[in-house]
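The values are calculated or read from the model by the stated rules, or taken from the named source; none is laboratory data. Since we're looking at a predicted model, the values are computed, not measured. All Cβ positions, even for glycine, are placed from backbone atoms using ideal geometry, and neighbour counts span all protein chains on display.
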């Protein structure tokens with residue numbers, strides 16, 4: 001199967017961050033491959049190892065995003081396309097989806113795979129948008145993938161259980177990080193990644209109009225989440241403190 | 001005057017409370033600015049839920065009823081939602097942020113060329129759109145977001161708004177639906193359902209959540225016993241759903257369910273930010289952990305430092321006495 005996996009460079013949510021004048025200030029060195037995308041890459045590699053095929057990663061981003069793309073190549077992806085932007089743009093999910101749909105429009109593939117959301121914004125929209133723009137059947141929040149007779153079998157986590165869905169190819173799928181543990185690139189993989197092809201594509205070559213690149217949603221500022229008041233901490237004899245807290249939940253917090 | 005449409009989610013034969021929370025909020029917004037609020041129910045027995053929706057003030061209730069909606073599938077749901085949008089031209093279409101909503105929201109926005117904000121914790125109408133607050137960066141930060149356009153979709157986290165009853169004499173409108181075999185393309189082969197008698201975490205007033213500190217069957221038994229006493233839903237951290245001790249649908253956190261119950265009891269959970277992102281909006285948080293430096297204590301209202309195997313038996317015993 002031919003997989004295209006859409007990947008994104010995102011800020012590490014574990015890195016310290018601060019808000020200054022409504023803007024998010026972060027250490028520019030703490031950029032990583034989105035964890036959900038890493039799972040999508042891993043699953044595509046597992047299926048390729050089992051059934052043959054090719055895994056190509058595609059990313060939209062500033063020149064710095066090439067580091068993230070190299071990581072996916074070091075994991076084992078065969079080749080990559082980097083759709084270059086300045087990094088100063090304020091695209092929303094729909095803008096990214098329009099760019100990806102324009103890129104995939106005349107490509108041949110069996111499966112387009114994405115992380116189910118990016119871990120910085122948690123919007124979770126792009127994969128479904130791309131599928132709809134290209135008219136592909138799709139499944140989201142996949143926790144397992146199997147290939148069978150040219151079809152993709154997706155196990156997805158729904159509201160009250162897991163659903164097994166069969167998709168004809170070509171199709172699109174978005175992946176949860178619950179499906180696997182993405183491999184850590186080894187030295188051999190890292191060395192090999194430097195020789196793998198990474199095609200640079202100019203955004204302007206995709207034929208999108210100014211209007212199509214203008215997002216309908218925007219972020220106007222950031223604020224700290226109102227913090228929780230520090231609570232009470234109980235240490236000592238388990239029997240005593242357990243009963244004391246149980247009593248307080250009833251008399252003070254009123255939640256029993 | 002324009003229309004705010006609300007999607008009423010049905011799951012396991014019940015109206016999802018979170019969608020009535022969204023309807024309650026939309027009713028308030030509509031009344032304030034002289035708009036109308038309408039609702040749509042899409043289910044195999046959609047009309048049987050009409051009375052439950054009337055209580056929350058929708059002036060019109062659209063009903064799409066077809067056997068295909070017995071189980072969630074994105075293709076028919078998308079088509080039904082697009083049909084309803086075509087028939088009603090809402091300026092805002094609001095959803096509760098369930099897994100089913102997440103499955104179709106992006107595609108519906110693309111299909112309708114609508115602006116969309118997902119998973120918001122609050123939203124208001126503006127001139128020509130909406131503004132909303134969205135938790136981002138593992139819910140450590142709130143982003144102020146805006147959407148502009150003639151059609152706007154928004155999905156709201158459960159527990160963001162209170163239910164407000166507001167009985168209306170709603171007009172019920174049936175919307176035709178059909179799908180031919182060729183259109184479906186996807187096949188639902190099997191549902192591995194775990195729900196049964198378990199309490200839906202998004203709806204639960206109390207949640208007992210187990211983490212890495214719960215090591216064995218004895219620990220699980222204590223969790224179940226505590227949940228029974230409190231009539232609470234049981235959740236788990238990623239460590240325990242990955243190990244197979246708890247079902248994946250019970251995972252709470254950035255990856256799993258985002259919950260906001262009245263009472264959240266975190267047991268043997270250290271409080272990694274990915275977990276906290278899924279429960280930090282709970283009203284009252286209790287943490288039981290033997291590590292006094294566990295980050296969960298920073299957000300707990302009541303922190304018990306101790307071995308859960310020693311703390312839970314007297315804790316359960318005392319709660320039983322209170323309940324009696």
Would you check if residue B:224 is closer than 26 Å to residue B:13 by Cα and part of a loop (DSSP other than H, G, I, E, B)? no
Report whether or not residue B:100 is within 12 Å of another protein chain (Cβ to nearest Cβ), assigned to a loop (DSSP other than H, G, I, E, B) and in contact with a strand residue (DSSP E or B) (Cβ under 9 Å, 6 or more places away or on another chain). no
Is it the case that segment B:299-320 has a residue that's surrounded by fewer than 19 Cβ atoms within 10 Å (Cβ to Cβ), in contact with a helix residue (DSSP H, G or I) (Cβ under 6 Å, 6 or more places away or on another chain) and closer than 15 Å to residue B:213 by Cα? yes
Of the residues that sit in segment A:215-238 and are surrounded by fewer than 13 Cβ atoms within 10 Å (Cβ to Cβ) and within 30 Å of residue A:126 (Cβ to Cβ), which one is farthest from the other protein chains (Cβ to nearest Cβ)? A:226
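Restricting to segment A:3-53, give me the number of residues that are in contact with a helix residue (DSSP H, G or I) (Cβ under 9 Å, 6 or more places away or on another chain) and closer than 17 Å to residue A:114 by Cβ. Please lay out each step first, then the result.
Start the filter on segment A:3-53 by keeping residues that are in contact with a helix residue (DSSP H, G or I) (Cβ under 9 Å, 6 or more places away or on another chain), which leaves A:3-10, A:13-14, A:31-43, A:45, A:53.
Of the ones still in play, those that are also closer than 17 Å to residue A:114 by Cβ are A:3-10, A:32-43, A:45.
Selection size over segment A:3-53: 21.
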Would you mind telling me which numbered condition in (1) at the interface with another protein chain (Cβ under 9 Å from one of its Cβ atoms); (2) within 19 Å of the chain's Cα centre (by Cα); (3) assigned to a strand (DSSP E or B) residue B:123 fails? (1)
Step by step: first the residues of segment B:217-253, then only those that are more than 23 Å from the chain's Cα centre (by Cα), touching a residue at least 40 places away in the same chain (Cβ under 8 Å) and within 13 Å of chain A (Cβ to nearest Cβ), then the one that is farthest from residue B:287 (Cα to Cα). Which residue is that? B:229
Odd one out for residue B:82, checked against (1) out of contact with any strand residue (DSSP E or B) (no Cβ under 7 Å at 6 or more places or on another chain); (2) within 14 Å of chain A (Cβ to nearest Cβ); (3) touching a residue at least 40 places away in the same chain (Cβ under 8 Å); (4) surrounded by fewer than 19 Cβ atoms within 10 Å (Cβ to Cβ): (3)
Right, residue A:164: surrounded by fewer than 20 Cβ atoms within 10 Å (Cβ to Cβ) and not in a strand (DSSP E or B) or not? no
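Only residues that are in contact with a strand residue (DSSP E or B) (Cβ under 8 Å, 6 or more places away or on another chain) and either farther than 30 Å from residue A:15 by Cα or free of Cβ contacts under 8 Å to residues at least 60 places away in the same chain (or both): list them for segment B:139-160, please. Give the derivation first.
As a first pass, look at segment B:139-160 and keep what is in contact with a strand residue (DSSP E or B) (Cβ under 8 Å, 6 or more places away or on another chain): B:140-149, B:151-158, B:160.
Once the filter is applied, which keeps residues that are in contact with a strand residue (DSSP E or B) (Cβ under 8 Å, 6 or more places away or on another chain) and either farther than 30 Å from residue A:15 by Cα or free of Cβ contacts under 8 Å to residues at least 60 places away in the same chain (or both), segment B:139-160 yields B:141, B:142, B:143, B:144, B:145, B:146, B:147, B:148, B:149, B:151, B:152, B:153.
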Test result for residue A:241, at the interface with chain B (Cβ under 8 Å from one of its Cβ atoms) and either at pLDDT 95 or above or assigned to a loop (DSSP other than H, G, I, E, B) (or both): yes
Being under 26 Å from residue A:162 (Cα atoms) and not in a loop (DSSP other than H, G, I, E, B) narrows B:24, B:19 down to just B:19
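Say whether the condition of being surrounded by 14 or more Cβ atoms within 10 Å (Cβ to Cβ) and assigned to a loop (DSSP other than H, G, I, E, B) is met by at least one residue in segment A:36-50.
Here is the first cut: in segment A:36-50, the residues surrounded by 14 or more Cβ atoms within 10 Å (Cβ to Cβ) are A:36-48.
The next check asks that each one be assigned to a loop (DSSP other than H, G, I, E, B); those that pass are none.
No, every residue in segment A:36-50 fails to be surrounded by 14 or more Cβ atoms within 10 Å (Cβ to Cβ) and assigned to a loop (DSSP other than H, G, I, E, B).
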Spot the failing condition for residue A:144; the list is (1) crowded, with 21+ Cβ neighbours inside 10 Å; (2) within 11 Å of another protein chain (Cβ to nearest Cβ); (3) in contact (Cβ under 8 Å) with a residue 24 or more places away in the chain; (4) touching a helix residue (DSSP H, G or I) at 6+ places or on another chain (Cβ under 7 Å), and only one is missed. (1)
For segment A:138-152, check the following and say yes or no: at least one residue is farther than 29 Å from residue B:156 by Cβ, modelled with pLDDT under 95 and not in a strand (DSSP E or B). yes
Quick count over segment A:89-119, residues being crowded, with 22+ Cβ neighbours inside 10 Å, more than 26 Å from residue B:72 (Cα to Cα) and at pLDDT below 95, is 0
Per the filter on segment A:167-187, residues part of a strand (DSSP E or B), in contact (Cβ under 8 Å) with a residue 60 or more places away in the chain and either more than 24 Å from residue A:109 (Cα to Cα) or at the interface with another protein chain (Cβ under 7 Å from one of its Cβ atoms) (or both) are none
